[in-house]
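In what follows, a structure is listed as structure tokens, so that the remarks can point back to it.
Any read-out appearing in this document is the output of simple, stated calculations on the displayed coordinates, not a laboratory observation. Not measured: the values here are computed from a predicted model. Because the Cβ atoms are built from the backbone with ideal geometry, glycine has one as well, and the counts that use them run over all protein chains shown.
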Amino acid sequence: MAVLPGLVYPDERLKQRSVAVTAFDAELRRFLIDFEATMRASPGCVALAAPQVGRLQRIAIVDVSGRSNAPNNGCLVLVNPEIVLREGEALAREGCLSVPDYTGNVARASRVRIRARDGVGAERVYDCEGFEARAVQHEIDHLDGLLFLDRLVSQRDLFRRRVYK
Amino acid sequence: MKQWYMLTVVGQDRAGIVAALAEALYRGGANLGEASMARLGGTFAIMLMVETNAERAEVERWLAAPVRDLGLQMHIDPIQGRLHSHVEPNVRILVHGADRPGIVAQVTAALAAQGFNILDLHSDVGGTREHPIYILMLEGHSAADLAVLEQALAPLRKSGVEVRATAIETMVG
């Protein structure tokens, strides 16, 4: 088990689209162990995408169970994830391991349904809401070469929408 | 030696103020840091971090022409840069109500008594001339629990002001 070195913006690799995983083999499983260890070793970090550690494959891990009392799916290993349903909109603050010392407000769907493979290639479907849904969307963005910086909205926007919600 | 300054500029709002100042600073070889700028009433107000080898008087010379041409007032203070050390806000406070003297004083006194550190504050006067409403939005860092802050702010509600404190949960992924 090892903590993998992370890429930091403006590293160009963070802007690239990652490719689908085709081999669910022992090498992938070894990577997933280090990948999870890397997420857990990073203070405050509840999710990670493979391109953040320089592996340009469509893999993400999300575990908000330690941070949120809201409903969640525990530790999610998402290989080749797809958002098949989006509902609602919520604005909240995000930060990123790949973007040190900056956080900002981002609009995300408040509920999403995800279809993905797990670490051994089995098909899975997860319904996510709130904080977990936010984390999943943030990570899938990484797989498409997008950072939360690409989706920032102003603080004033956040307040105005909240006032009238 | 490189020195950080806080440049404060105010003047009647019009198009082109930021561009004219930024151009003059760029020509002078200065590096810009964090900034906050807004139209407050009819006045445009700028707070801008500027890093340069130049003395304050020289920075004033760079800016003299746009300041004169655009009818601005400027002020320059040496500061410590201290970039890359953002304090993350964990509480957001929203206040609104019929405008009256004392809203800001009462809200911020209640927060200060709890050790609340304001990191960002915006306020607006909306409504009509006859019935102005005051809207205050701030974010900050609180060591006290949300429930404690709510309790500290509760007396304000009796004075007809809506006050809401919410936790800011930052998702880091």
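From the phi of every residue in region B:69-82, what ³J(HN,Hα) in whole Hz does the Karplus formula 6.51 cos²θ - 1.76 cosθ + 1.60 yield, where θ is phi - 60° and glycine or proline is x?
5, 9, x, 9, 10, 10, 8, 10, 10, x, 9, 8, x, 6
Just from its helices, what would the mean residue ellipticity at 222 nm be for chain A, if runs of 4 or more DSSP H residues each count -39500 (n - 2.57) and the sum is divided by every residue, rounded to the nearest 500 deg cm²/dmol?
Estimated from H runs of four or more residues: -7500 deg cm²/dmol.
Just how far, in whole angstrom, is region B:33-65 from region A:76-100 if you go by their alpha carbon centroids?
Using only Cα atoms to place each centre, the spacing works out to 38 Å.
Counting other Cβ atoms within 10 Å of each Cβ, which GluC sites (Glu not before Pro) in region B:1-83 have at most 14 and sit in a DSSP loop?
Here the sparse-neighbourhood loop sites are B:55.
Can you work out the Karplus-derived ³J(HN,Hα) for every residue in region B:121-128? Use 6.51 cos²θ - 1.76 cosθ + 1.60 with θ = phi - 60°, whole Hz, and x for glycine or proline.
9, 10, 9, 9, 10, x, x, 10
Using only alpha carbon pairs under 8 Å that are at least six residues apart, calculate the relative contact order of region A:23-165 and give it in whole percent.
23 percent
So what are the ³J(HN,Hα) numbers for region A:48-54, from phi and the Karplus equation (6.51, -1.76, 1.60; θ = phi - 60°), rounded to whole Hz, Gly and Pro as x?
7, 10, 4, x, 5, 10, x
Amide H of residue B:13 versus every other amide H placed in the peptide plane: which residues, excluding those fewer than 5 positions away on the same chain, fall under 5 Å?
The list, which skips near neighbours in sequence, is B:43, B:44.
Could you state the angle between the C-alpha long axis of helix B:103-113 and the longest principal axis of the C-alpha atoms of chain B, as a value from 0 to 90 degrees rounded to the nearest 10?
80 degrees
Amide H of residue A:16 versus every other amide H placed in the peptide plane: which residues, excluding those fewer than 5 positions away on the same chain, fall under 5 Å?
Close amide H contacts, sequence-distant or interchain: none at all.
Trypsin sites (Lys or Arg not before Pro), restricted to region B:59-138: which are DSSP loop and have at most 15 other Cβ atoms within 10 Å?
B:82, B:129
Calculated from DSSP H runs of 4 or more alone, at -39500 (n - 2.57) each and per residue, what is the 222 nm mean residue ellipticity of chain B, nearest 500?
Calculated from helices alone, the mean residue ellipticity at 222 nm is -8500 deg cm²/dmol.
Filter the GluC sites (Glu not before Pro) in region A:75-110 down to the DSSP loop ones having no more than 12 other Cβ atoms within 10 Å, then list what survives. All intermediate terms of the calculation are to be shown ahead of the outcome.
Values: sites: A:82, A:87, A:89, A:94; in loops: A:89.
Those satisfying the criteria are A:89.
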